[in-house]
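First the structure, in the form of structure tokens, and then the observations on it.
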Amino acid sequence: MLGRLDQIEREALAALEKARDQEALQAWKVKYLGRSAEIGAIMEGLRELPKEQRPAVGRRANEVKRALEAAYEARLEALRQAVVARSLEQERLDVTLPGRPLPRGRVHPANQTLRQILAIWAEMGFQVYRSREVETDAYNFELLNIPAHHPARDMWDTFYTTREGVLLRTHTSPGQIHVMRERAPEPLRVVLPGMCYRYEQITARSEIQFNQVEGLAIGSRITFADLKGTLIAFAKRMFGQQVRTRFRASHFPFTEPSAEMDVECFVCGGEGCSVCKRTGWLEILGCGMVHPVVLQNGGYDPARFSGFAFGMGPERITMLKHRIEDIRYFWANDLRFLEQF
Ligand code: DAH
């Protein structure tokens, strides 16, 4: 009988080693310590043993039973610890890990320039006036002193709509007429930014869609000197205080006289390079004194009022500033391009 008890102990402890979860442990407990466990039967059967064997077998049976109970408790505790340890491991937070980077958007390079231009004009007291992109022939051309069939129309290849006389504006200049008609006879200082459209072959140098910033100042004594002084002040703020500028005579139907302003090439400092095509100068805007016919069309009496106007292209200025060689990048939505700004 003592031998059998040793055997039970060995067998039970070996089985306990193999119990890997709560369920197996429960089954083990039923089998070795439960109501119908063999050890219980042995204890019950003590009475039937010869008297001299009873104390030794009884003591040993108790010993085995307590040993199994202790082993069970230890195993149960070990399993619990393992569960806790596993969940701690799985849910562990490594606070030293770097954060996940959030992809950060950027302002489109053309819009960066546009904002800079508008901020400078705002500092100089020019209000932003937004004008429509779908225009009539009258506003886009005729009221700006460009009659039908006038050769100057060749300067702007136009997208026409199916509606007679309705088109996509080819420049921001028609906004001049809108703002004048709204405000006359008040003095005016406005900039008119926005998208323009031209029916052109898309190449590295020309797009069918681009921004312009138009400017218009009207008052009782505005002169060509005001135009030059104001545009030079703008150029200094935009390109640096030391930048040199020059004006060249030009022609636009809506201004008289007309000019174009060049700034000293900021790539080569005026030495001559591929960006300025060896001239040392970059053309950045067209300008002039508002033509009397245009003043009149806007509701200002040309005998009492005068004004200057100008128009520039933010994409073109951005290209010059960053030496971008192909205007098509602006609409290509290629992140490799956009992420550089
Ligand atoms: N509208 C002209 C263009 O698109 C640019 C321009 C030139 C605007 C002279 C002006 C100006 O206001 O005075 O080519």
Exception for A249 within (1) under 22 Å from A152 (Cα atoms); (2) within 12 Å of the ligand (Cβ to nearest atom) falls at (2)
Only one of (1) among the charged types (D, E, K, R); (2) over 39 Å from the mean Cα position of the chain (by Cα); (3) part of a helix (DSSP H, G or I) does not apply to R237, and that is (2)
Meets criteria (open to solvent by less than 40 Å² (accessible area, probe 1.4 Å) and either of a type in the set (A, V, I, L, M) or without any contact (Cβ under 8 Å) to a residue 24 or more places away in the chain (or both)) for L13: no
By my count, helices (runs of 4 or more DSSP H) wholly in the stretch 19-94 with at least 1 residues that are aromatic (F, W, Y) and open to solvent by less than 60 Å² (accessible area, probe 1.4 Å) are 22-33, 54-90
Condition set of a type in the set (A, V, I, L, M, F, W, C) and at pLDDT below 95, scope the stretch 239-253, selection least open to solvent (accessible area, probe 1.4 Å): answer is V243
- Message: Quick check on the stretch 77-91. Is at least one of its residues in contact (Cβ under 8 Å) with a residue 40 or more places away in the chain, in contact with a Phe, Trp or Tyr (Cβ under 8 Å, 6 or more places away or on another chain) and not β-branched (V, I, T)?
- Response: no
Scanning the stretch 145-179 for residues that are more than 33 Å from the chain's Cα centre (by Cα) and small (G, A, S), the one nearest to the ligand (Cβ to nearest atom) turns out to be A152
Note: among F239, F252, F234, just one is out of contact with any Lys or Arg (no Cβ under 7 Å at 6 or more places or on another chain) and closer than 20 Å to N140 by Cβ, namely F252
Picked from the stretch 192-211 (must be open to solvent by less than 30 Å² (accessible area, probe 1.4 Å) and in contact with a helix residue (DSSP H, G or I) (Cβ under 8 Å, 6 or more places away or on another chain)), the residue nearest to the ligand (Cβ to nearest atom) is L192
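The values are calculated or read from the model by the stated rules, or taken from the named source; none is laboratory data. Owing to the predicted nature of the structure, the values given are computational and were not obtained by experimental measurement. In this analysis, Cβ positions are derived from the backbone assuming ideal geometry, glycine residues included, and neighbour counts consider all displayed protein chains. For accessibility, only protein heavy atoms count, side chains too; no ligands or nucleic acids. Shrake-Rupley method; radii C 1.70, N 1.55, O 1.52, S 1.80 Å.
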